[in-house]
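Asks: Before anything else, here's the structure in question.
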Amino acid sequence: MTALDLSLPAEAVAALRRLTDRADLADLADRYLRALDGGEFDQPWARSVFTGDVELDFPPGSHQGIEGVADFTRGFMGHWDRTHHNVSHYAIELDGDRATVAWNVVAIHVHPGSPPPPASAPHFYLGGRFEGVARRTADGWRLSRLELRVVWTTGPGIREIAQVMTGTDGEQVITTWKDGTA
């Protein structure tokens, strides 16, 4: 009996690598979002998702560098009792050891003190798009840049976030949301 030759043509190896990279990048985005919903932000988590020179740009503010990413994330996620992020349509463009990544998000933010399900309570909703850049590192793919572009919002918001998003004192935005006129 002879051994089978299982070597693959170069085109097949390249295709397999592209598919594996795409799956790894989608897993990276999911790991980031699971942490948002799980509320677990620490230095090991940050290093498992971001490069040392990461740049973050979100409506509540911006941050550069891996040091302090967990605190930065905890700062804007701490406004909520819990969240639920739904994502779709990963757009991944590979360029060697660099990739651009983007995905749509619909996020539900539950205010502190809201009753647990099945009781109903007003929540803050947003729809937007995450866009970023990732690099292949010795530990796998990591995000070196991530930005959230908010497309729409509804429901009672948080004044500090509304101030940053609208460039106002946030009062009119919050009042409008509460009044249901937005």
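The values are calculated or read from the model by the stated rules, or taken from the named source; none is laboratory data. Remember, predicted model here, so these are calculated numbers, not experimental data. Methodologically, a virtual Cβ is constructed for each residue, glycine included, from the backbone with ideal geometry; neighbour enumeration extends over all protein chains shown. All accessible areas refer to the heavy atoms of the entire protein, side chains included, with ligands and DNA or RNA removed. Shrake-Rupley method; radii C 1.70, N 1.55, O 1.52, S 1.80 Å.
Asks: Filtering region 15-32 down to residues that are open to solvent by less than 10 Å² (accessible area, probe 1.4 Å) and closer than 19 Å to Met77 by Cβ, which residue is farthest from the chain's Cα centre (by Cα)?
Replies: Among them, the one singled out is Leu28.
Asks: Would you point out which residue out of Arg22, Arg18 is part of a helix (DSSP H, G or I), among the basic types (Lys, Arg) and modelled with pLDDT under 95?
Replies: Arg18
Asks: So, in region 105-159, of the ones that are of a type in the set (A, V, I, L, M, F, W, C) and not in a strand (DSSP E or B), which residue ends up nearest to the chain's Cα centre (by Cα)?
Replies: This residue is Ile158.
Asks: Which numbered condition in (1) assigned to a strand (DSSP E or B); (2) surrounded by 14 or more Cβ atoms within 10 Å (Cβ to Cβ) is the only one that Ala91 fails?
Replies: Tallying (1) assigned to a strand (DSSP E or B); (2) surrounded by 14 or more Cβ atoms within 10 Å (Cβ to Cβ), Ala91 fails exactly one: (2).
Table: residues versus (1) within 18 Å of Glu147 (Cβ to Cβ); (2) hydrophobic (A, V, I, L, M, F, W, C).
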position: Thr73; (1), (2): yes, no
position: Trp80; (1), (2): no, yes
position: Val87; (1), (2): yes, yes
position: Glu93; (1), (2): yes, no
position: Asn104; (1), (2): yes, no
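Asks: Given the conditions (1) closer than 14 Å to Glu147 by Cα; (2) in contact (Cβ under 8 Å) with a residue 24 or more places away in the chain; (3) open to solvent by less than 50 Å² (accessible area, probe 1.4 Å), and given that Ile108 satisfies all but one, which numbered condition is not satisfied?
Replies: If we test Ile108 against (1) closer than 14 Å to Glu147 by Cα; (2) in contact (Cβ under 8 Å) with a residue 24 or more places away in the chain; (3) open to solvent by less than 50 Å² (accessible area, probe 1.4 Å), just (1) comes out false.
Asks: Report whether or not Ser48 is loosely packed, with under 13 Cβ neighbours inside 10 Å and either among the small types (Gly, Ala, Ser) or not in a helix (DSSP H, G or I) (or both). Walk me through how you get there before you give the answer.
Replies: Details: loosely packed, with under 13 Cβ neighbours inside 10 Å: no; either among the small types (Gly, Ala, Ser) or not in a helix (DSSP H, G or I) (or both): yes.
Spelling it out, it is not the case that Ser48 is loosely packed, with under 13 Cβ neighbours inside 10 Å and either among the small types (Gly, Ala, Ser) or not in a helix (DSSP H, G or I) (or both).
Asks: Just name the residue that is nearest to Ala15 (Cα to Cα) out of those in region 94-104 that are free of Cβ contacts under 8 Å to residues at least 40 places away in the same chain and assigned to a strand (DSSP E or B).
Replies: Across region 94-104, the extreme among qualifying residues is Asp95.
Asks: Go through region 58-79 and count every residue that is out of contact with any Pro (no Cβ under 7 Å at 6 or more places or on another chain) and either touching a residue at least 40 places away in the same chain (Cβ under 8 Å) or in a helix (DSSP H, G or I) (or both).
Replies: 13
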